[in-house]
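J.: What follows is a structure written as structure tokens; I'll ask about it next.
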Amino acid sequence: MSTGTMKKSHSQWSSRMGFMLAAAGSAVGLGNIWKFPYMAGEMGGSAFVLTYLLFMFMIGLPILVLEWLIGRRGQKNPIHTMEDVAVSEGRSKSWRWVGIIGVLGSFLILSFYSVIGGWATDYIALAAKGSFEGVTGEKTDQIFTDFLSNVNSLLTWHTVFMFATAFIVALGVGAGLERGCKIMMPGLGILLLVLVGYAAYASGPYFWVACKFLFSPNWLALNSTAILAALGHAFFSLSLGMGIMMAYGSYLGQDVNLLSTARTVVILDVVVAVLSGLAIFPLVFANGLQAGAGPGLIFVTLPIAFGNMTGGLVLGILFFIFLTFAALTSSISLLEPTVELLEERTPMGRKTATVVSSIIIWALGIACILSFNQWADVKLFDKNIFDLLDYLTSKIMLPVTGLGTIIFGAWMMNQKHIRNELNLSSSWFGIWSILTRFVIPVAVVTILIYGFL
Ligand code: PHE
């Protein structure tokens with residue numbers, strides 16, 4: 001089907017602001033609101049949080065910059081960008097494998113990300129129906145278990161979520177991705193502030209308990225599991241190692257300052273994660289709930305708080321709208337690399353490319369849905385389909401692509417050009433080199449080895 005030729009002129013973001021919001025939209029997602037608080041809860045709070053913050057700036061930021069830089073050089077989908085940039089640097093074409101694994105990774109992640117996005121969407125409806133009113137822990141647990149066993153409703157909401165994702169992506173880079181994030185991101189910011197404000201107001205002294213839990217360092221709680229989890233999460237949270245930021249970089253003009261934009265995106269991502277913690281933990285503590293409740297924290301634990309407080313109905317609805325928005329601005333970024341590839345390398349136009357890839361991803365999502373119920377016993381390497389996809393992508397494909405990107409950027413590309421492009425003084429460039437050539441590769445190899453254990 002591939003014609004092997006480039007066609008159509010390449011789209012561009014209309015402004016630096018639009019690009020920044022789209023990149024931040026990709027970064028801010030279920031990882032910040034769903035995963036980060038429960039990881040912090042499970043891994044002893046502050047020590048985990050501070051380590052994560054350190055990794056975000058020391059490791060996440062340089063890789064983010066490199067992905068954009070490579071994408072902007074290539075101006076194509078991640079696979080052909082890697083190939084072209086490698087050839088222009090006098091390296092082997094095989095570097096395209098970094099792009100191939102990345103695109104494949106984003107494709108696979110979207111199949112289960114959309115299922116969870118569907119949960120968030122359905123929880124808006126549940127909250128609005130008043131399903132949480134006066135609930136106990138047992139009841140919310142029951143609601144969640146029933147929910148996971150109901151194939152029809154999981155399928156409906158997965159379909160709705162995937163449809164919304166495809167709809168935005170089909171509209172294109174400017175009118176879809178950029179405009180969608182320009183609308184959703186400020187909305188998300190406002191919702192988050194309302195939620196934190198309410199948590200502070202409704203939980204009184206427990207707000208400070210939550211602050212202490214999240215920030216006062218307790219280094220004794222820090223073990224190797226927490227350190228590695230923080231490292232892996234820094235990657236996931238910034239959408240790195242998936243071809244996504246490379247694809248976003250390919251729509252970028254030369255005038256955008258990569259370092260300062262990356263700094264803003266990392267700060268926004270961190271702020272949303274921390275504020276989500278501050279919206280959730282005060283309610284958890286004030287209601288005597290478990291901070292270390294794991295993945296069920298926002299679907300099982302939090303509804304108890306919403307169901308038993310004044311204004312909880314509205315707050316619950318707002319919370320799940322917030323979650324859905326955040327998931328949607330990430331899912332559109334997960335679809336983009338595949339669509340960009342198909343659009344450039346096959347005769348398909350953007351709309352057809354979006355429809356075709358969405359249908360395949362949607363179908364794969366059905367397998368994930370069934371793995372929660374009818375196919376719960378279908379296991380490979382002792383994991384059901386959902387867990388297998390999660391494991392394969394975040395523990396293996398993501399670090400492999402991340403490692404490929406960093407080795408390519410730090411050892412294969414002309415460093416003088418990078419220094420000029422980033423406009424770094426010689427001392428800052430010294431720090432940059434140490435980080436990208438040594439510290440980050442070692443860190444990534446460690447996550448990778450740990451992933452196999
Ligand atoms: N960064 C997103 C989040 O925090 C998740 C994501 C991962 C999105 C990889 C795109 C690619 O939820």
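J.: For an R0 of 41 angstrom, estimate the FRET efficiency from the Cβ-Cβ distance between Met58 and Asp387 and round to the nearest 0.05. Before the final figure, lay out the partial values.
T.: Details: r = 30 Å, r/R0 = 0.73.
Step by step, r from the Cβ atoms, then E = 0.85.
J.: Estimate the FRET efficiency between Ser92 and Ile183 by the formula 1/(1 + (r/R0)^6), using the beta-carbon distance for r and 35 Å for R0, to the nearest 0.05.
T.: Plugging the Cβ-Cβ distance into 1/(1 + (r/R0)^6) gives 0.25.
J.: Counting helices only, and only those DSSP H runs with n ≥ 4, report the 222 nm mean residue ellipticity of the chain as the sum of -39,500 (n - 2.57) divided by its residues, in deg cm²/dmol to the nearest 500. Kindly include the intermediate steps, with their values, before the conclusion.
T.: Working: 21 runs with 312 residues, N = 453.
Estimated from H runs of four or more residues: -22500 deg cm²/dmol.
J.: Leaving ligands, DNA and RNA out of it, rank Trp208, Trp362, Trp375 by accessible area with a 1.4 Å probe, largest first.
T.: Working: Trp208 175, Trp362 80, Trp375 105 Å².
The most accessible residue leads, giving Trp208, Trp375, Trp362.
J.: I would also like to ask the following. How far, in nm, would the chain grow between Ile449 and Val314 when pulled straight, counting 0.36 nm per residue and subtracting the alpha carbon separation?
T.: Fully extending the segment from Ile449 to Val314 adds 44.1 nm.
J.: Using alpha carbons only, what's the Rg to Rh ratio of the stretch 137-220 with Rh from Kirkwood?
T.: With Rg and the Kirkwood Rh in hand, the quotient comes to 1.14.
J.: Still on this model: Let me know the Kirkwood hydrodynamic radius for the stretch 22-452, please, with Cα pairs as the basis and the value in Å to one decimal.
T.: Numbers: mean 1/r = 0.0457 Å⁻¹.
Across the stretch 22-452, the inverse of the average 1/r is 21.9 Å.
J.: Still on this structure: Just to be sure I understand the rule: take each whole DSSP H helix in the chain, project its Cα atoms onto its long axis, keep it if the span is 27 Å or more and its mean Kyte-Doolittle hydropathy is at least 1.0. Which ones pass?
T.: Passing helices, by number: 96-128, 151-170, 179-203, 258-286, 312-345, 350-370.
J.: Given the Cα-Cα distance of Phe163 and Val442 and 0.36 nm per residue of separation, how much length would full extension add, in nm?
T.: Contour length minus Cα-Cα distance gives 96.4 nm.
J.: Do you know the relative contact order of the chain, to the nearest whole percent, from alpha carbon pairs under 8 angstrom that are 6+ apart?
T.: 35
J.: Run the numbers for Ile267 and Asn223: contour at 0.36 nm per residue of separation, minus the present Cα-Cα distance, in nm.
T.: Computed gain between Ile267 and Asn223 is 13.3 nm.
J.: Kindly count the pairs of lysines across the chain whose alpha carbons are less than 17 Å apart, treating pairs on different chains or eight or more residues apart as eligible.
T.: The result is 8.
The values are calculated or read from the model by the stated rules, or taken from the named source; none is laboratory data. All values reported here derive from a predicted model rather than from experimental measurement. Every residue, glycine among them, receives a Cβ derived from its backbone with ideal geometry; neighbour counts consider all protein chains shown. To get the accessible areas, we keep the full protein, side chains included, count just its heavy atoms, and leave off ligands, DNA and RNA. Shrake-Rupley method; radii C 1.70, N 1.55, O 1.52, S 1.80 Å.
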